[in-house]
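The structure appears below as structure tokens.
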Amino acid sequence: MKFKMVNTAMPLRGLQVLAMLSSLLVMGCSAEAPPLTQQTVYPVKLMTLEQAQSGTLKQYPGSVSASDHSELSFRVGGELTELAVKAGDTVEKGEVVARLDDRDARTRLENARSNFNLAQATFERMRISLERQAISQARFDEAEAEYLSARAQLASAEDQLSYTVLKAPFDGVISRVPVDAFQVVSAQQAIAELQRPGSIDVSFQMPEQQVRRLQPQRSRNVRANGNTIAWVQFPELPDKRYAASYKEHDSNASQGSLSYEVTVTLPEPEDITVLSGMSATVLLDYGTLAGESAPSWLIPTAALVTPDAEPDTSVVWRYVAAADDGNGDNTGRVEPVDVEPGKKMNDGVLVRGELSPGDRIVVAGAHRMNRDRSVRPWEKEGGL
């Protein structure tokens, strides 16, 4: 009898399918893995508010002059035989700046010395003769007068010779030299301008209607206290400001105009050469001098935001640091501060609002902020 063998083993492909189904069943029964969480702390660039301007900053073109300067000139005229300096030179007190042709002065001095020697000798003889009663008192008086006159003429001739040499009256820097060597110059004609290092003045013209609003007492107080109410910019460094204090303003209008000259003063910058006659731009806190009390803050334009839900409102985002927990984490939050935009400036916009010195506001990415958003101050890393 023959028996037929039946293969009851499951095919290999079937076993693989069964294993896959078992794995899926086990995975379906296990707990779902938690989704990845999105980072919620945003790095932001901040700026610190320093000092409010009590009113609107007004901008004026100005010119530089030395706070302590002198126009050097000869007391006598003549041919300029030596010009020992040029603009930018540093000189010390007593150093020769220029010389005139002194031949005529030396000739006059020799004549004056001869006349003096003769008058002095005559006076001595007359004095001895008077003691011996050989001459009258009147003759002695004449000799004495001639002697005193000759002595004065000699001193004058010596002075005239000294006037042909121009020396620096103090240590300083030559800011300009408006003449050339061998030029014939007149008495009191400017030969060079010498300025003392340390501070500079910047003068500008203020219109009459603005001068009328200045309060004299506030101006005196600002000048006495040396308050910073102006900032000066130079063309070479347009993005940098130099703090200045109010010095004075003229009481008479400038010739040919209805404006008055106002002067502010500041320490001489160390990172740029500034000489008399150079141009500058003055940003003046006019409100302080005029008595306007509403404070204004100059902020970058990017820091000013108009919320979509309130198109008639402008805000800045102020950083509020979290309590220090000792782990070095400087994460904080932001809060909106309503502000009133003012005049636009070259480097920002003036705003008024409930802000204070020391407040830190978001200046980059402000349009992405919302109330109580967690942020971290962005700090520039080395090499970036």
Please name all residue pairs, on different chains or six or more residues apart, with Cβ atoms under 8 Å, provided the first residue is in region 108-130 and is free of Cβ contacts under 8 Å to residues at least 24 places away in the same chain and the second residue is among the β-branched types (V, I, T). M126/I135; S129/I135
Taking interchain pairs and intrachain pairs at least six residues apart, which have beta carbon atoms under 7 angstrom, with the first residue in region 89-104 and on the phi < 0 side of the Ramachandran plot and at pLDDT 95 or above and the second part of a loop (DSSP other than H, G, I, E, B) and of a type in the set (F, W, Y)? L100/F74
Of the criteria (1) surrounded by 13 or more Cβ atoms within 10 Å (Cβ to Cβ); (2) in contact with a Phe, Trp or Tyr (Cβ under 7 Å, 6 or more places away or on another chain); (3) assigned to a loop (DSSP other than H, G, I, E, B), which one K93 fails: (1)
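Table: residues versus (1) among the basic types (K, R); (2) open to solvent by less than 60 Å² (accessible area, probe 1.4 Å).
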residue	(1), (2)
A121	no, yes
Q133	no, no
S136	no, no
R139	yes, no
L154	no, yes
E158	no, no
V173	no, yes
A187	no, yes
L194	no, yes
Which of the residues that make up region 237-261 are within 21 Å of Q195 (Cα to Cα) and either part of a loop (DSSP other than H, G, I, E, B) or under 16 Å from the mean Cα position of the chain (by Cα) (or both)? Y242, A243, A244, S245, Y246, K247
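If you scan region 348-362, which residues turn out to be under 19 Å from W231 (Cβ atoms) and out of contact with any Ser or Thr (no Cβ under 9 Å at 6 or more places or on another chain)?
So the first thing to find is which residues in region 348-362 are under 19 Å from W231 (Cβ atoms), and the list is 348-352, 355, 357.
If the condition is that a residue be under 19 Å from W231 (Cβ atoms) and out of contact with any Ser or Thr (no Cβ under 9 Å at 6 or more places or on another chain), then L355 is the only one that fits.
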Leading residue by the ranking (most open to solvent (accessible area, probe 1.4 Å)) among those in region 229-239 that are within 15 Å of S279 (Cβ to Cβ) and free of Cβ contacts under 8 Å to residues at least 60 places away in the same chain: E236
Considering (1) modelled with pLDDT under 85; (2) open to solvent by 70 Å² or more (accessible area, probe 1.4 Å), say which one T301 fails and leave the rest. (1)
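The values are calculated or read from the model by the stated rules, or taken from the named source; none is laboratory data. Only a predicted model underlies this, so the values are computations on that prediction, with no experimental measurement involved. Cβ atoms come from the backbone with ideal geometry, glycine included; neighbour counts cover every protein chain shown. The protein model used for the area step is the full one, side chains on, heavy atoms only, and it has no ligands, DNA or RNA in it. Shrake-Rupley method; radii C 1.70, N 1.55, O 1.52, S 1.80 Å.
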